[in-house]
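Working notes, structure below.
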Amino acid sequence: MRATTTGYNPEFDEDAPAFEDVSGVKGFALLEFGAPWCGHCQAAAPAVEEAMSAHPSLQHIKVYDGKGKRLGRAFSVKLWPTLILLEDGLEIERLVRPIHADEVTDLLSYVNRNPN
């Protein structure tokens, strides 16, 4: 599983982590499902990057999703990008197809309200 330990991760990881890997993540993490060629993902990237800049220590795991990818199915991902906030490997909240940084900031505000 390739993920940044701090800050924004600009690349989708084609080698998606297993569900067990993600469910074993300690603390908070942002799981982002999408594809590099996806127009919605490209449009959302600046908003995600801006919101993540306020959370430099938040782990960001970008998963290249698609047909036959098990992790996306395990999280019932239907549209890209889908951002899922995890706490100790469990889904806390999700956001689908954000456009504005304030949408992502609202999602990440849970981290500020509930520090580990």
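Listed values, structure above:
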quantity: Number of the exception - K62 against (1) over 18 Å from E11 (Cα atoms); (2) surrounded by 16 or more Cβ atoms within 10 Å (Cβ to Cβ); (3) basic (K, R); calculated: (1)
quantity: Number of the condition not met by E49 [criteria: (1) out of contact with any Phe, Trp or Tyr (no Cβ under 6 Å at 6 or more places or on another chain); (2) not in a loop (DSSP other than H, G, I, E, B)]; calculated: (1)
quantity: Close pairs (7 angstrom Cβ cut-off, 6 or more residues apart or separate chains): among the aliphatic types (A, V, I, L, M) in region 12-25, in a loop (DSSP other than H, G, I, E, B) anywhere; calculated: A16/K69; V22/G89; V25/G89
quantity: Members of region 26-39 that are in a loop (DSSP other than H, G, I, E, B) and touching a residue at least 12 places away in the same chain (Cβ under 8 Å); calculated: K26, G27, A35, P36, C38
quantity: Wholly within region 58-101, strands (runs of 3 or more DSSP E) carrying at least 2 residues that are modelled with pLDDT under 95 and either in contact with an Asp or Glu (Cβ under 9 Å, 6 or more places away or on another chain) or within 17 Å of P17 (Cβ to Cβ) (or both); calculated: 59-64
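Yes/no per residue for (1) touching a helix residue (DSSP H, G or I) at 6+ places or on another chain (Cβ under 9 Å); (2) at negative phi:
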{"residue": "E32", "(1), (2)": "yes, yes"}
{"residue": "H55", "(1), (2)": "yes, yes"}
{"residue": "I61", "(1), (2)": "yes, yes"}
{"residue": "Y64", "(1), (2)": "no, yes"}
{"residue": "G68", "(1), (2)": "no, no"}
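The values are calculated or read from the model by the stated rules, or taken from the named source; none is laboratory data. Note that the structure is a prediction, hence the values are computed from the model and not measured. Cβ coordinates were reconstructed from backbone atoms using ideal geometry, including for glycine residues, and neighbour counts include every protein chain displayed.
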